[in-house]
Amino acid sequence: MEGRVDQYAVVGHPVAHSFSPFIHSLFARQTDQSLSYRLMDVPPERFTEQVYEFFASGGRGLNVTLPHKTRALALTHELTERARLAGALNTLVSRRDGTLLGDNTDGAGLVQDLTVNLRVPIRGRRILLIGAGGAARGVIAPLLALEPQRIVIANRTAERAAALAAAFGALGAVQGYGFGELGAQPFDVIINATSASLSGELPGVPVGLFGAHTFCYDMAYGRGDTPFVRWARELGCREAAPGWGMLVEQAAESFRLWRGVRPLTAPVLAALTGRAAASG
Ligand code: ATR
């Protein structure tokens, strides 16, 4: 592939709405890296073939998004511990010897946004994680590593919350419940990892769990406030943030894996939220 710039892409289905090309092009400009980053819309039945083709023709790295995050595990020669624990990956790296490394930078992205950008303390705090799907699973181990007092996973389907808590029980204090079994004591931090925001809905957790001191975070993002962020503000929570920062931070961590340099995220986050506010 001599003479060509290094090729990267995000593979998903659908993927046209992805902000990743915008984010990575700003990272590349900022760090003076020469690369191209494009969208690859690939349906599940063609995923394996298209990924192999991408790397066989000289591709250097992929971001993997829905619905392929779990399917992609099988294509790797090695997985990072955090990808293994997440049961999913969002980053593929082609190494010099031709092998593929799979990583998951989503949890690190959330932790970086919460603790560095938003300065929310986690150590010793009570964390409520709403949702028990892939998005929730990916952030549990990185959150537990910060030694919260405990993480309570709350899910509409109680059994999924209990199963997820059991899977991470060896890493720290984590319990799983249905929405009706959560008591009434407000949490210090509440993170929405459900896909409810995507359909304009709210997870049905009791409002008593939101206190004046509670920090709320929605892993979803969109133009303007998400329904969850609006709801948390209406309930009088100290602060509520959508997931734009997590999106940029997970991308920065992927970029670091690929290029060996971690870009500054603050200017890219500002550009991204400005662009999202102006569009559509
Ligand atoms: P993802 O990979 O995005 O997490 P998923 O694995 O389909 O997607 O999980 C979606 C999560 O959002 C689940 O926790 C789901 O709850 P159930 O397990 O009970 O289905 C949750 N979810 C989706 N819509 C919801 C809604 N309207 N209210 C509450 N929870 C919702």
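What follows draws every value from the coordinates through simple rules; no lab data is involved. In this text, all values refer to a predicted model and were calculated from it rather than measured experimentally. Because the Cβ atoms are built from the backbone with ideal geometry, glycine has one as well, and the counts that use them run over all protein chains shown.
A few notes on this one:
- Extension reserve of the Arg84-Ala173 stretch, reckoned as 0.36 nm per residue once the Cα distance is removed: 30.1 nm
- Applying 1/(1 + (r/R0)^6) with r as the Cβ-Cβ distance of Asp41 and Ser279 and R0 = 25 angstrom yields a FRET efficiency of 0.80.
- Backbone N under 11 Å from the Arg71 label point (7 Å along Cα→Cβ), restricted to the range 11-52: 12-14, 42-51
- 37 °C / 0.692 mPa s Stokes-Einstein diffusion coefficient of the range 40-86, Kirkwood radius on C-alpha pairs, µm²/s: 285
- Nearest-ten-degree value, helix 20-31 long axis tilted from longest Cα axis of the chain: 70
- Note that the chain shows a convex hull volume over its alpha carbon atoms of 128 Å³ per residue.
- Neighbour cut-off at most 15 other Cβ (10 Å), DSSP loop, trypsin sites (Lys or Arg not before Pro), the range 53-159: Arg95, Arg96, Arg119, Arg123
- Cβ-derived FRET efficiency at R0 30 Å, Phe22 paired with Val116, nearest 0.05: 0.85
- Residue among Gly109, Gly87, Gly138 with the largest mean-square fluctuation in a Gaussian network model of the chain, springs linking Cα atoms under 10 Å: Gly87
- Helix 158-168 and the longest principal axis of the C-alpha atoms of the chain enclose an angle of approximately 60°.
- Cβ-based exposure ranking for Cys216, Cys237, in which fewest neighbours within 10 Å come first: Cys237, Cys216
- Relative contact order %, the range 78-163, counting alpha carbon pairs below 8 Å whose residues are six or more apart: 28
- Taking GluC sites (Glu not before Pro) as exposed when DSSP calls them loop and at most 14 other C-beta atoms lie within 10 angstrom, the chain has its longest site-free stretch at 3-200.
- Pairs of alpha carbons in the range 107-244 whose separation is greater than 24 Å (percent): 19
- Gaussian network model of the chain, springs between alpha carbon atoms under 10 Å - residue of Ala232, Ala74, Ala241 with greatest fluctuation: Ala74
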